[in-house]
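A.B. asks: Here's a structure for you.
Readers should treat all values here as calculations from the given coordinates under stated rules, not as data from a laboratory. Since the structure is predicted, the reported quantities are computational estimates derived from the model, not experimental observations. Virtual Cβ from ideal backbone geometry, glycine too; neighbours counted across all protein chains shown.
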Amino acid sequence: MNKKLIALDAGHGMVTAGKRCLQSLDPNQTREWWLNDRIMDQVQSLLATYDCQVLRVDDTTGAKDISLSARVKAANSAKANIYISMHHNAGLNGRSGGGTVVYYSSNKLERAVQAQKLYNAIIHRTGLSGNRSEKVVKKGFYVIAHTTMPAFLVENGFMDSPTYVPVILSDQHAARTAVAVVEFLVDALQLKKVQTVSGSQSPAGTTVEGNTADSAYYPAYTGKKTTLSAAMTSLRLNSTYAYRKKIASANGIQGYMGTAAQNTLIYNLLVAGRLKRA
């Protein structure tokens, strides 16, 4: 049976104009992509313990705002089973209020039911229901209107609301949101936990082939993928930025920032079968 493929999309990029927290509420003007990516990184890490595959359709370094059409094309071409796009909202301009909204596009009743389940899962974990009159909304946003699989876009709180900026900046809120998304995906796709050879659950970021989990090195990559993230995903490794940073440190690559040169070095070690485990 083919593994379910989950397309994850951290909306925008670090350089996207205007997508940041209101300066009067957050002097650092935290970028929306960073908030989105922090959640999606954790979703991906949690999913590594399930029998599924993950496709990130955004630039996981944040350096580039991948076009909406390219994100959709990547998910459609890969025949993903579901698509989740994470965003944070704006438009209150310093006024109180806000909350969480989940968008879907399909006319199918099943899709509306799924969107409600995703909303319920997030609110159950975060409590960020807010005062929005519409909480689950049918709307034709590009990434959910042009994907060929069930697709949902989450607006996970407002970046310009004094009520919610402190909440969405917190690590706790991000972690709770990630858990909720994974709970929804497990239910929607009927995902099962990965089991090791001995029958115990495999920790995130490890492979479960023979005794490779006991090796000091990751298994050599012999496929045709040319990017580090794609190669790691093919090997069922955790390819999040946070985990790649740990791998870099374990292999003597200091100050990892996800640059092309650093990723190429890690990729070459992986191909050679000499990439030390984090």
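A.B. asks: List every residue whose amide H lies under 5 Å from the amide H of N89, counting only residues 5 or more places away in sequence or on a different chain, with H placed 1.01 Å from N in the peptide plane.
C.D. replies: Here N156, G157, F158, M159 satisfy the definition.
A.B. asks: Go through A145, G18, G258 and say which Cα lies farthest out towards the positive end of the charge dipole of the chain; charges sit on Cβ, +1 for Lys and Arg, -1 for Asp and Glu.
C.D. replies: Final value for the positive-end residue is A145.
A.B. asks: Another question, if that's okay. Compute the long axis of helix 260-272 from its Cα atoms, compare it with the longest principal axis of the Cα atoms of the chain, and write down the angle in degrees, 0 to 90, nearest 10.
C.D. replies: Helix 260-272 and the main axis of the chain meet at about 40 degrees.
A.B. asks: Which peptide among 105-118, 86-99, 175-188 comes first, and what is the full order, when sorted by highest mean count of other Cβ atoms within 10 Å?
C.D. replies: Working: 105-118: 15.9, 86-99: 18.3, 175-188: 20.6.
Averaged packing, sorted descending, gives the order 175-188, 86-99, 105-118.
A.B. asks: Give me the aspartates and glutamates in straight-line cross-link reach of K245: C-alpha distance below 17 Å, same-chain residues under 8 apart excluded.
C.D. replies: Within the straight-line cut-off, K245 pairs with D37, D41, D59.
A.B. asks: Sticking with this structure for a sec: Can you tell me the orientation of helix 171-189 relative to the chain, as the angle in degrees between its alpha-carbon axis and the longest Cα principal axis, to the nearest 10?
C.D. replies: 80 degrees
A.B. asks: Right, something else. Would you calculate, for the chain, the mean residue ellipticity at 222 nm contributed by helices, counting each DSSP H stretch of 4 or more residues as -39,500 (n - 2.57) and dividing by all residues, to the nearest 500?
C.D. replies: Details: 9 runs with 101 residues, N = 278.
Theoretical 222 nm ellipticity from helices: -11000 deg cm²/dmol.
A.B. asks: Kirkwood Rh over alpha-carbon pairs of the chain, then Stokes-Einstein at 10 °C and 1.306 mPa s: what D in µm² s⁻¹, rounded to an integer? Each step should come with its number before you reach the end.
C.D. replies: Numbers: Rh = 19.4 Å.
After rounding, the answer is 82 µm²/s.
A.B. asks: Just to be sure I understand: of the beta bridges DSSP finds with both ends in the chain, what percent are antiparallel, rounded to 5?
C.D. replies: Details: 8 of 27 bridges.
DSSP beta bridges in the chain are roughly 30 percent antiparallel.
A.B. asks: Using unit Cβ charges (K, R positive; D, E negative) and no other charged atoms, how large, in debye to the nearest 20, is the dipole of the chain about its Cα centre?
C.D. replies: Values: 32 positive and 18 negative charges, 90 e Å.
That gives the chain a dipole magnitude of about 440 debye.
A.B. asks: Sticking with this structure for a sec: Compute the long axis of helix 68-77 from its Cα atoms, compare it with the longest principal axis of the Cα atoms of the chain, and write down the angle in degrees, 0 to 90, nearest 10.
C.D. replies: The two axes meet at around 50 degrees.
A.B. asks: Taking H as built 1.01 Å from N, whose amide H comes closer than 5 Å to the amide H of K138, not counting residues under 5 places away?
C.D. replies: Hits under the 5 Å cutoff: Y104.
A.B. asks: May I pose another question? What's the center-to-center distance, using Cα atoms, between segment 60-138 and segment 243-278 in Å?
C.D. replies: Distance between centres, Cα-based: 32 Å.
A.B. asks: Okay, next question. Can you work out the Karplus-derived ³J(HN,Hα) for every residue in segment 39-55? Use 6.51 cos²θ - 1.76 cosθ + 1.60 with θ = phi - 60°, whole Hz, and x for glycine or proline.
C.D. replies: Once rounded to whole Hz, the list reads 6, 5, 4, 6, 4, 4, 5, 5, 6, 5, 8, 10, 7, 8, 10, 10, 10.
A.B. asks: Could you list, in their original order, any pairs among K192/K224; K3/K225; K108/K225; K19/K79; K19/K246; K19/K138 whose Cα atoms are separated by more than 26 Å? If you can, show how the numbers build up before the last one.
C.D. replies: Values: K192/K224 28 Å; K3/K225 19 Å; K108/K225 36 Å; K19/K79 30 Å; K19/K246 28 Å; K19/K138 23 Å.
Those over the limit are K192/K224; K108/K225; K19/K79; K19/K246.
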